[in-house]
Amino acid sequence: MQTFLGFKLLKKPLLISVLIGLTTLSSTVYSQNNLTFSNVFKETISELGNNHATGNFSLMKSFSSPNFNVHHYTCNWKVDPAVRFISGNVTISFQTTEDASGITLDMSDSLKVDSVVQGNFKLSYIHDSNRIIISFENVIPLNQADSISVYYHGTPPQNGFGSFTTSVHNSVPVMWTLSEPYGARDWWPCKDGLYDKADSLDVYISSPSAYTSVSNGLRVMDTVINSIRTTHWKHRYPIATYLVCMAVTNYSEFQNRWDVPGDSLLMQTFCYPESENSFVQGTSNAHQAMKYFWQLLEPYPFANEKYGHVQFGFAGGEEHQTSTFIYRPDESLMAHEMAHQWFGDKVTCGSWQDIWLNEGFATHMASMFMEQKYPLTVINTRKSEIQFITSVPNGSVFVDDTSSVSRIFNNRLTYIKGSHLLYMLRWIMGDSVFFKGIRSYLDDPALSYKFAVTKDLQRHLEAVYGKSLDYFFNEWFYGQGYPSYHIDWWIQSNGTIGLKVNQTTSDPSVAFFHLPLPVRFSGGNNQKDFVINQNFNGQVFYLQPGFTPDSLTIDPDYRLITNGNTVQKTVRPENITEVKIFPNPAANFLNIFMNGFEETNIHFRLFDFGGRLVMNQEEHINGSLNATLDLSRFPSGIYLLRLQTANGFTHLYKIKKGL
C-alpha cells in the first residue's frame, strides 16, 4: 500500500524534507534525460490525519477465536454508492481445530446483526465489543467441517484509511473499501487477523444497475433484474482478510491479455470514465513491470485468474489481491502495488510488527524496476532516500507499537528504511545469492500463500548464504539509527594507502554497525574501488590502488544507510601498530590480535625455555589479523613467542602455558 497524502508512502523514489509541523512529499519525475524533482503535494500532519486516518481503531487486534480455520467466505452484499450503508450476509465455511461449542468473529458494533444461521437453525449470539460470540446448537468435534451465515446491516464507521468510503468523482457517487490494517470488521463479519487465510472466496455485489461492481478474482456472472445489477466474483487462491475488497461506481472497463514469459495473463482495468485515456496509456508501464517481476522473482502468483487495476479516490494505492486499487496510473505506484502480489499477498506478514516484509519489499521491487528503466536517476534517488532515513537519529524497522496505524505505516522506517535494508543485504550477499534466497522464501510450502515473519526471511537467506545474519537483523531490523564514518588516510613511501577507520552511531541501541564499507580512490583519470570490513574502531587497512590518489569517497554509490561521513588526508600516525596476546597464562589456545600492519606475511615461532623451536606458523596480514595458536600438545611451562614480519617487524613475548 502507498499513499500520496496520508501516513503511507506515496511512491518511490522520493525526495522528502522533514520540517517542523510539516511533511513535504516530493515525487521524482522520471525520464531518461530529466533528473529533476518536482514538489507535488504538501500537507500538514494534522491535515493528513483528518483526511486519511480519521477515527480510532478500537481494540486494534482480532478477537476471533482460534478454534476454527476458515476455508471459504461467500459474501452477499447490497450497496448503493450514493448511500453510506451495507446489508447482506456472509457465510463462513470452516473446520474446527478443537471440539467447539461456538466461535467468535470480528465485527464492528456500528453494524447490526439480524440473525446467525447454521443449517436450518438460528443460533444464539452476543454482539458486543466489536465481536460476535456465537453459540452452536451442539458441540462440533475436532477437524469437522461446517458453516454458519451471518445476516447483518448498518452504517460502517469512519475508521483508519477509509475502511468503507462513499464519495464522488465528477459528481458521480463512488464507494470503495480499504481494510488494511484493522478495517475489515468495519464492514463485514470475518476473522480479521494475520493468522488465518480463507482458501477461497465468492463475492456477490448487488447495486443499482447504473453502476459496475468490482472485487477479487474473476467475474463469472453479471445480471440485471428490476434495475438491480448483481455481479459474482470468484477467487480461488488463499487470501488474507484485509485484502478482500469491493468498489462500485460507473466504471469504464477495458481488458486485454499481456504477454509474459512463456504465457499470457488477463489484465482487467476499471477506471472512472474521465480517466480512461490516462489509464489506457499508463497500464502499458504496468505490463513492463509485470514481465520484470515475473523474470526476477517467479511467475505472477495468481496467474490462473487476472491482474487488475481499479480506480478509487484514496490518494495512493492498495494491493487488493488480483485487483489493485490505485488513485492514478503512476508508473512507480503501479510497480509498488504489483510487487505486493508477491510480497504481501502471496506471502503476507504474520504480524504488523513485520509489515516491512510487505511494504519494504514492495518499495524495493518498485525501485529496482525504476532503476533498470531509468538508470540516470539511481544515485540522486538513493541519496535523497538515505538523507530522509537519516533525518531522524533513531527508529527501528521493527514496529514497536502496532496500536498506532501511523507507526505501522511509517514512511521513513517501514517503507524507505525497509527498502534500504534490502539494498544492504544485496550488497552483503551478492544479488545472485540474495535472490536465490528470496525465491526460496516465496516458494517455501510453510509460507507460500500463508504468513511469514522476519525470522522466516532470515532463515532462507542464511540457508543460501551459508553464514549467520544475526548481526545484521539485530543491528538493522531491531536496532535503531545508523553509523557515521570518519577515515584518516595517508600515502606510504611505497605508494600503499593507509586508512584508519572509525564510526559513531546515531542511537545507543547499536554500539557498532558491521558493514562491508565501499570506498573509492580517485586521482586524475584514475579511479579504483575497495571494500573494507571494519570490526572495531581505529582499525587500520592498507590498500594499493596502483596510482597516487588525491581524494577518497565513502560509499560512492549510496549502498548503505550512513550519514555525516568524513575523510581526512593526513600523515601516517605514530605508533599505529598494535599487538595483543591473550590469555596469558594460556591453557590450550593463545589468541593473537594485530592491527595497523601493511600487507605482509608474518611468522609465529614458539621456543621452549631451552631455546628449542617447537612451533612455526605463518599467516598473512593486511591491516589487521586475528590468529589462534594451539598449545594443547605442549607441557606446562615458560615459552618465548617471536613475531616476525617480512618487512622488518620483530618482537619477543614471554608466554606461560598453564595446566
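Laboratory data are not the source of any read-out in this text; all were calculated from the coordinates shown. Because the structure is predicted, anything quoted here is derived from the model rather than measured. As a convention, Cβ positions derive from the backbone with ideal geometry for all residues, glycine included, and neighbour counts pool all protein chains shown.
Worth a mention:
- Distance between the range 478-508 and the range 90-126 - C-alpha centres, whole angstrom: 62
- Unsatisfied cross-links (Cα-Cα over 31 Å) in the set 467/657; 306/373; 122/191: 467/657
- Local net charge near residue 252, Cβ-Cβ under 10 Å (Lys/Arg +1, Asp/Glu -1): -3
- In terms of its C-alpha gyration tensor, the range 276-351 comes out oblate, because a/c is 1.5 or above while a/b does not outweigh b/c.
- Local electrostatic count at residue 267 - Lys and Arg +1, Asp and Glu -1, tallied over other residues with Cβ under 10 Å: +2
- For the chain, calculated [θ]222 nm from helices alone, where every DSSP H run of n ≥ 4 adds -39500 (n - 2.57): -5000 deg cm²/dmol
- Residue 474-residue 209 FRET efficiency (beta carbon distance; Förster radius 45 Å; 0.05 resolution): 0.15
- Given charges at Cβ of Lys, Arg, Asp, Glu: the chain dipole, positive-most of 144, 554, 499: 499
- The chain shape via C-alpha gyration tensor axes, a/c threshold 1.5: prolate
- When each of the peptides 86-94, 406-414 is scored by how many other beta carbons lie within 10 Å of its residues on average, the order from highest to lowest is 406-414, 86-94.
- Estimated FRET transfer efficiency (residue 383, residue 625; beta-carbon r; R0 45 Å; 0.05): 0.80
- As a length-normalised measure over Cα pairs under 8 Å and 6 or more apart, the relative contact order of the chain settles at 9 percent.
- Applying the criteria of a DSSP loop state and at most 16 other Cβ atoms within 10 Å to the chymotrypsin sites (Phe, Trp or Tyr not before Pro) of the range 473-543 yields 512, 536.
- Charge tally around residue 576: other residues with Cβ under 15 Å, Lys/Arg +1 each, Asp/Glu -1 each, net -2.
- Taken as Cα centroids, the range 392-451 and the range 151-197 sit 27 Å apart, rounded to the nearest whole angstrom.
- Loop-located trypsin sites (Lys or Arg not before Pro) in the range 424-481, at most 14 other Cβ atoms within 10 Å (DSSP): 467
- Placing +1 on the Cβ of every Lys and Arg and -1 on the Cβ of every Asp and Glu, with no other charges, gives the range 512-659 a dipole of roughly 540 debye about its Cα centre.
- Estimated from the Cβ-Cβ distance and a Förster radius of 41 angstrom, the FRET efficiency linking residue 277 and residue 431 is about 0.60.
- Listed by chain and number, the lysines whose alpha-carbon sits under 20 Å from that of residue 78, ignoring those within fewer than 8 places in the same chain, are 112, 234.
- In sequence order, calculated HN-Hα J values of the range 545-553 (Karplus, 6.51, -1.76, 1.60; Hz; x Gly/Pro): x, x, 8, 8, x, 10, 8, 10, 10
- Sorted peptide list for 212-219, 141-148, criterion being average Cβ within 10 angstrom, highest first: 212-219, 141-148
- Simple Cβ-charge dipole of the range 483-569, Lys/Arg +1 and Asp/Glu -1, about Cα centre, in debye nearest 20: 140
- Whichever aspartates and glutamates have a C-alpha closer than 17 Å to that of residue 455, once near sequence neighbours (fewer than 8 apart) are set aside: 354, 359, 400, 443, 444, 470, 475
- Cα centroid separation, the range 261-318 to the range 578-606: 61 Å.
- Sequence-distant aspartates and glutamates (8 or more away, or on other chains) whose Cα lies within less than 14 Å of residue 654: 608
- Sites listed here are trypsin sites (Lys or Arg not before Pro) in the range 171-205 whose DSSP assignment is loop and whose Cβ has at most 16 other Cβ atoms within 10 Å, and the list is empty.
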